[in-house]
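The values are calculated or read from the model by the stated rules, or taken from the named source; none is laboratory data. A quick note: this is a predicted structure, and the numbers were derived from the prediction, not measured. No Cβ is skipped: glycine too gets one built from the backbone with ideal geometry, and neighbour counts run over all protein chains shown. Accessible surface is based on the protein model in full, side chains and every heavy atom, while ligands, DNA and RNA are left aside. Shrake-Rupley method; radii C 1.70, N 1.55, O 1.52, S 1.80 Å.
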Amino acid sequence: IYEKFHAIILISEHRRLVPGARRRVTITPLRFQQSLRISTLSCVPQRRNRATCLLPPATPVTLPSMSSDSQGAFSKRVVEVMLPLALPVCYSYSVPAGCTAAPGDYVRVPLGPREVIGVVWDSEGEGEDKVDAAKLRPLNEVYDTPRMPEVQRRFVEWVATYTMSEPGAVLRMCLRVAEALGPEKVRIGYRAGGELPQRMTPQRQRVLEEADEHFARPALDLAHAAGVSTGVIKGLADAGTLIAEKLPAFARYPVPDPSAGGFKLNKAQEVAAKALRAAVAERNFSVSLLDGVTGSGKTEVYLEAVAATVAAGRQVLVLLPEIALTSEFLKRFERRFSSSPAEWHSAVRPRERERVWRAVARGEALIVVGARSALFLPFKDLGLIIVDEEHETAYKQEDGVSYHARDMAVVRASLGAFPVVLASATPSLESMFNVEAGRYRHVTLQSRHGSAGLPEVEPIDMRANAPPTGSWISEVLGQAISETLEAGDQVLLFLNRRGYAPLTLCRHCGHRFSCPDCDAWLVEHRFRRQLMCHHCGYTIAVPQECPSCSSEGTLVACGPGVERLAAEVAERFGDHSMVILSSDLSRGETLRELLDDITKAKYQIIIGTQLVAKGHHFPGLTLVGVVDGDLSLGNGDLRAAERTYQVLCQVAGRAGRGDKPGRALIQTFQPEHPIIKSLVARDRESFYQYELKTRDRGGLPPYGRFAALILAGVDQDTVNSAASRIARAAPRSDAIRILGPAPAPMAVVRGRYRVRFLVKSGRDINIQAFLHAWLDPIKLPGSVRLQIDVDPYSFM
């Protein structure tokens, strides 16, 4: 190989994980600049039983494929199985006589003393170290379910390679619903038909009023309709009043009707919809950025692309950043298609998740609306992905496999050769950069739908309009709130900080309440009477005295949260109904009900965190007050300015979406800041150009690349020692800069000390190959965990 391809291949020795485990070599180009010099490259198995080998960029490599004749019957008896574990390799298993297993089959295999569900990745092919199948452990079961599509297996490998994760860890995200692989469970339903019970209660009476004599319903559905517990249903069944019947395992999802109830689009919307429908008709990979101001009707436009895809018989995935957005979206969806889509997010019950997984694999669920994890569902024929609010940081997963769902959606569309649509009123700088580079199509909506106009944005200079001591609402904002309420309209007060106060201290000795397991202050939640750490969940009851000096009545809350703001609002505007929207106070169905009540104007004052800034339509809302417009600007994050602009623009866009004009007032100590000036002037382009130039000068994303290395362990000295070893082993390069090691801004989280490296490079550098060459030879203590985050979004 060296003589033929002029390549240096180094293969690290590794144990065979099971008898007969194979070793395979693949050759991967390494794109380094000429100035990048590495003295030693080490290769470890990263994908299946493979060793990653590095070649100079100018060397084209084509390995001959193996003919079917040369494989013989042996390859049919041995298969490689990828397991959903943090492993870099596949395991080899024999296929029992009379059984067949092909790539993509879901199988149950022995692993030590237990059994694990995995996926057949390859049949065994070339290699000198073939092992007789008789020496391998056999497959225990091949599940009778649709195989994992080849494109999804390629997607798993791509994500693992890019994020530098073990392929098995990525596969684990595809196998979250193991119950869906087995036989469908029989459901039991109940219908009326028996004699009345001897003892009748109001709860039983309501059940009988809801029960039907001809159609059986599951106990949970019947109990929910009657407002009782399932125990009441079971009691009536035991009494013979309700008759139990077997139900189909799962009801089929209704087929959406693309022509059911199309929205009446204006001229600009029709032009945008035509462009998206054309992208669907091409049946090829493309990325379209649907860039429209708040209230311009982006959802109605991209639903036209969804309709075109469904009409072609293909599946659609719509990604939303927050569960809270699904309620409003589902209503629009049902109006458009006369049916409900499949949902996939953390609030979906396990049985429903099983139903969704099966329907997606069979191609029965044509449209799925979900969170970022929906990317890893086994779509049979995916033809379109919509990423709504594509700028949202909620699409970035920090724990486990660190990936950004927006970027991975683009990859998934590329592998599947179909279009993807990114929609936002405040697109990310990365997306705008790709538009300018010609990689993405730009589809724009410049005005709001109907008669609604964009809100007027006004800054309130807090240096000249400071609120009274102990208050957080300036007189200017307070007067505007009073006028709006008198006119019968709704008010939204935005403060992106949960709880009552971010810090509690003792006025006598200065003691500050901090988390014992994290480098963070405890946040007071007065409604719960608790002090809580927002990083690990540690809580204590609010004490009556200082634990340091034992003084009573000396504890004071510092700074505002939404609960403290609500207390001030209740004192000043107590005659008006008020609601707080915060992720720690309202979730799931409760949150959906609150949002519906706000839409119906049951609440006049809404106080919320960034939960209220995303895609909601409140037609009666005419005033938005931003209590602290500077809150996110001083956190040292390279994206702080971009995020602040996006959230302020989005929350201001909640005003004036109905018949009345709206306005937004921003309390700030920096009214001259480019962000505030751009918002006031409605000049988004000036902010984008300012921010892009700033990033370009510093070589920051999207003009450069970052990778974060975080070492964490319970012993600080061990972590620091490991960080020193890694630092000494760092290759020297003019093309890549290594910052660190240094304590992370959050130096302790959940009792683990954290040390951070930040690797910075240009866009044309293969940063993953550099990290492999640097880190693979280093063996860390078992007590120290190394997390690699390529393209990090959090710098804490």
**Request:** Let me have the 222 nm mean residue ellipticity of the chain computed from DSSP H runs of 4+ only, each contributing -39500 (n - 2.57), with the sum over all residues rounded to the nearest 500.
**Result:** -8500 deg cm²/dmol
**Prompt:** Residues of the chain: accessible area per residue at 1.4 Å, in Å²?
**Reply:** 45
**Message:** Once neighbouring chains are kept in place and the probe is 1.4 Å, which whole percent of the accessible area of the chain is contributed by carbon and sulfur?
**Reply:** 49
**Request:** Please tell me which of these pairs span more than 31 angstrom C-alpha to C-alpha: K298/K660; K396/K677; K331/K677; K264/K660; K396/K693?
**Result:** K331/K677
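Specify whether the C-alpha gyration tensor of the range 93-199 places it in the rounded, prolate or oblate class, a ≥ b ≥ c being the square roots of the eigenvalues: rounded for a/c under 1.5, otherwise prolate if a/b is larger than b/c and oblate if not.
Verdict is prolate for the range 93-199.
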**Prompt:** What longest range of the chain stays clear of loop-exposed GluC sites (Glu not before Pro) (DSSP non-H/G/I/E/B, at most 11 other C-beta within 10 angstrom)?
**Reply:** 214-671
**Asked** Counting DSSP beta bridges with both partners in the chain, what percentage is antiparallel, nearest 5?
**Response** 55
**Request:** Quick one: which residues, 5 or more positions from G499 or on another chain, have an amide H under 5 Å from its amide H? H modelled 1.01 Å from N in the peptide plane, none for Pro or chain starts.
**Result:** V562, E563
**Prompt:** According to the square roots a ≥ b ≥ c of the eigenvalues of the Cα gyration tensor, what is the shape class of the range 183-239, taking rounded for a/c under 1.5, prolate for a/b larger than b/c otherwise, and oblate for the remainder?
**Reply:** prolate
**Asked** Ignoring ligands and nucleic acids, what accessible area does I767 show with a 1.4 Å probe (Å², nearest 10)?
**Response** 0
